[in-house]
Amino acid sequence: MRLSQYPINTAKETPAEAEVLSHQLMLRAGLIRREAAGLYSWLPMGLKTLRKAETIIREEMDRAGALEVIMPVFQPAELWQESKRWTEYGPELLRFKDRHDRDFVAGPTHEEVITDIVRRDIKSYRQLPVNFYQVQTKFRDEIRPRFGVMRAREFIMKDAYSFHVDAASLQQGYRAMYDAYTRIFTRMGLDFRAVKADSGPIGGDVSQEFHVLAASGEDAIVFSDEDDYAANLEAAAALPPKEPRPAPREAMAKVSTPGARTIDELSRMLKVEPSRCLKTLLVEGSQEEDVVALLLRGDHDLNALKAQRLPGVATPLRMAGAERIARATGAQAGFIGPVGLRCRMYADHSALALADFVCGANEKDMHLTGVNWDRDVAGVTAADLRNVREGDPSPSGRGRLKITRGIEVGHIFQLGRKYSEPLKAAVLDESGKEVTLLMGCYGIGVTRVVAAAIEQNHDERGIIWPEPLAPFQVVLVPLNLQKSARVREVADRLYSELTASGLEVLYDDRDARPGVKFADAELLGIPHRLVVGDRGLEAGRLEYRYRRDSESTEFPADQALDFIKARIR
RNA sequence: CGGGGUGUAGCUCAGCCUGGUAGAGCACUACGUUCGGGACGUAGGUGUCGCAGGUUCAAAUCCUGUCACCCCGACCA
């Protein structure tokens, strides 16, 4: 492609709307253009990369035996009513009516539609297992779209759905997708990790996420330093401490702690480590006006997902308001404690291992010291309530946990009968008996992958595309092209040769100064740069530089094709 | 949705407090010089000052409303 015929608009300045690096670079490089909150156009250079990602995904899905389909973006409400998600999904589901006043949704995902297709077309176990996939625009009316294409409202997803007669087949299909995803992200040249996940609103039993590792990632992921255990922080189990709880030594005493509303303030005022204080959080119960107390060590954080799974706790988790707290305890937040509290109480395993601890006295400006379980507090249920921390023992039993950050680019689920049951997708088995199908679903955020690739691969000059995703493999930079007949002749010939040999070459034949061309080549992140200049040609040499390198190398001009080919991939 | 903030040229922003001719840099067009790391000169085009109402002789500027967008918290590929 000749750059003179390829309108690109690179910017030196960072647009004010962009917060994260990938977003800034995508705008500066002219890959995308924002149309409205969370809605983006993909311009030619950006689309080239997007298509490369799609191609890798298609090849690997096809290789895994999945069949490509396209389903409608807009879906009839009836299907969503049948699966109950019409009411369960919430405001993220964009709903609208057509001219006949019929209800529709803009598809955020396609479990309902694919299940509808399968229940009508698949009648026999002999047609199973089967896996359908599509690469398609999805719409989720995110409360707050941000980070550009990373969390947009409209985005492109590869979604796949597999159907099975029995659990063994489902596991096999799931495993095949796990392997396909591993190949996909490996081929894309990304540093990624598969982690145990929470299933969220899609539902189901088993699920794993694929994360591209990047310091700016939105998710915390944890892994063992000794085996292959890895999980999303929100799904990582915190093991109970091994050491038995020490015996009580102190008597319980009430102390005045004016204004000490946080663990930090309390810890400073009483000169007690946060780990010896008890944090008491009141959350709304599932019954009207009910509250539930969650008890944690002062230095630990509540894990909302774990908490909202407990019996009696409202879903989604909501902290109790000031009025409810006052009604339940007679005090205000900051001075709550389990002693004498009469609501349902769950205590984290580590909190239960404390002896002689400090907690709120359910009285303004008062705390209790020397508090002990059983002796002073009764009726507490043990539970895993907290987020794990770096250094905690791994739930796998081997090693300690490390924490890093990741961008979720893929998610695979074993859904079981969550959709096939309500939508009545069943086939006859070999004995002529009707069996409800088991289902798996598998998603990749294609547009997000592109952003994640940049988030993981950039420097102060711009994008550094992993080669499989780069819009062009080679950027050909002639210097003083307009004046030097020799440069033009060599560059034109090189361009023809390289292109004819199947390489994707971006030929910067603009009438621009060298600095401009170099800067754009680096911002755009083209992996291989070939410079043609009079200075080198005097000695019969060309100059080559790999985008990640800081130094250039020279080589004989007549060996360009071999030289480049040896360095591709 | 709650809290904070911003809307002025394609982009980054100044001007607003204290009302009186709408600006700078980048980008864009033409010409000339320059040409191995984001050049320079000359000339040029570019605006519903987010929108609507109000106050005033006069509003980018003051007042009211409204819309959009961005940032911080609960969701997801």
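So here's what we get for this one:
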{"item": "Within segment A:533-551, tally of residues that are near RNA strand B (Cβ under 7 Å from one of its atoms) and either of a type in the set (Val, Ile, Thr) or within 25 Å of A:Glu455 (Cα to Cα) (or both)", "result": "1"}
{"item": "Counted residues, segment A:423-446 - those being within 16 Å of RNA strand B (Cβ to nearest atom) and either within 12 Å of A:Val118 (Cα to Cα) or more than 29 Å from the chain's Cα centre (by Cα) (or both)", "result": "1"}
{"item": "Scan of segment A:83-101 for residues that are touching a strand residue (DSSP E or B) at 6+ places or on another chain (Cβ under 7 Å) and either over 23 Å from A:Leu415 (Cα atoms) or polar (S, T, N, Q) (or both), ordered by number", "result": "A:Leu94, A:Arg95, A:Phe96, A:Lys97, A:Asp98"}
{"item": "Residue within segment A:94-104 that is part of a strand (DSSP E or B) and of a type in the set (Asp, Glu) present", "result": "yes"}
{"item": "Residue tally, condition of a type outside the set (A, V, I, L, M, F, W, C) and either part of a loop (DSSP other than H, G, I, E, B) or modelled with pLDDT of 95 or more (or both), over segment A:371-407", "result": "17"}
{"item": "Whichever residue in segment A:135-147 is crowded, with 16+ Cβ neighbours inside 10 Å and within 20 Å of A:Val69 (Cβ to Cβ) and, among such residues, is nearest to RNA strand B (Cβ to nearest atom)", "result": "A:Lys138"}
{"item": "Close pairs from segment A:547-569: first free of Cβ contacts under 8 Å to residues at least 24 places away in the same chain, partner small (Gly, Ala, Ser), Cβ under 7 Å, at least 6 apart", "result": "A:Glu554/A:Gly536; A:Pro556/A:Gly540"}
{"item": "Residues satisfying the stated conditions in segment A:347-370, i.e. over 20 Å from A:Phe335 (Cα atoms) and either under 28 Å from the mean Cα position of the chain (by Cα) or not in a loop (DSSP other than H, G, I, E, B) (or both)", "result": "A:His349, A:Ser350"}
{"item": "Candidates A:Leu498, A:Leu494, A:Leu479, A:Leu523, filtered to the one that is over 33 Å from the mean Cα position of the chain (by Cα) and more than 20 Å from A:Arg567 (Cβ to Cβ)", "result": "A:Leu479"}
{"item": "Failed condition for A:Lys196, given (1) near RNA strand B (Cβ under 8 Å from one of its atoms); (2) charged (D, E, K, R); (3) free of Cβ contacts under 8 Å to residues at least 60 places away in the same chain; (4) touching a strand residue (DSSP E or B) at 6+ places or on another chain (Cβ under 6 Å)", "result": "(1)"}
{"item": "Residue within segment A:46-63 that is among the basic types (Lys, Arg), out of contact with any Lys or Arg (no Cβ under 7 Å at 6 or more places or on another chain) and at pLDDT below 90 present", "result": "no"}
{"item": "Test for A:Phe132: is it exposed (fewer than 13 other Cβ atoms within 10 Å of the Cβ) and not in a loop (DSSP other than H, G, I, E, B)", "result": "no"}
{"item": "Answer from A:Ala491, A:Ala512 - the residue that is near RNA strand B (Cβ under 8 Å from one of its atoms) and either within 22 Å of A:Arg2 (Cβ to Cβ) or surrounded by fewer than 22 Cβ atoms within 10 Å (Cβ to Cβ) (or both)", "result": "A:Ala512"}
{"item": "Test for A:Ile184: is it in contact (Cβ under 8 Å) with a residue 24 or more places away in the chain, over 23 Å from A:Glu88 (Cβ atoms) and either surrounded by 23 or more Cβ atoms within 10 Å (Cβ to Cβ) or out of contact with any strand residue (DSSP E or B) (no Cβ under 7 Å at 6 or more places or on another chain) (or both)", "result": "yes"}
{"item": "Cross-chain or 6+ apart pairs with Cβ under 6 Å, segment A:210-235 first and among the hydroxyl-bearing types (Ser, Thr, Tyr), then within 10 Å of RNA strand B (Cβ to nearest atom)", "result": "A:Ser216/A:Val20"}
{"item": "Checklist (1) outside any loop (DSSP other than H, G, I, E, B); (2) within 10 Å of RNA strand B (Cβ to nearest atom) applied to A:Gly46, failing item", "result": "(2)"}
{"item": "Candidate set from segment A:1-42 (those that are assigned to a helix (DSSP H, G or I) and more than 9 Å from RNA strand B (Cβ to nearest atom)); member that is surrounded by the fewest Cβ atoms within 10 Å (Cβ to Cβ)", "result": "A:Gln5"}
{"item": "Cβ-Cβ under 9 Å pairs, at least 6 apart or on other chains, segment A:1-26 side more than 14 Å from A:Leu43 (Cα to Cα) and among the small types (Gly, Ala, Ser), far side in a loop (DSSP other than H, G, I, E, B) and near RNA strand B (Cβ under 7 Å from one of its atoms)", "result": "A:Ala18/A:Phe147; A:Ser22/A:Phe147"}
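Residues are listed down the side, and each one gets a yes or a no for (1) farther than 30 Å from A:Glu92 by Cα; (2) of a type in the set (Lys, Arg):
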| residue | (1), (2) |
| --- | --- |
| A:Gly189 | yes, no |
| A:Ser207 | no, no |
| A:Glu234 | no, no |
| A:Ala238 | yes, no |
| A:Arg245 | yes, yes |
| A:Glu265 | yes, no |
| A:Lys271 | yes, yes |
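The values are calculated or read from the model by the stated rules, or taken from the named source; none is laboratory data. All of these numbers come straight from a predicted model, not from anything done at the bench. Note: ideal-geometry Cβ built from the backbone for every residue, glycine included; neighbour counts use all protein chains shown.
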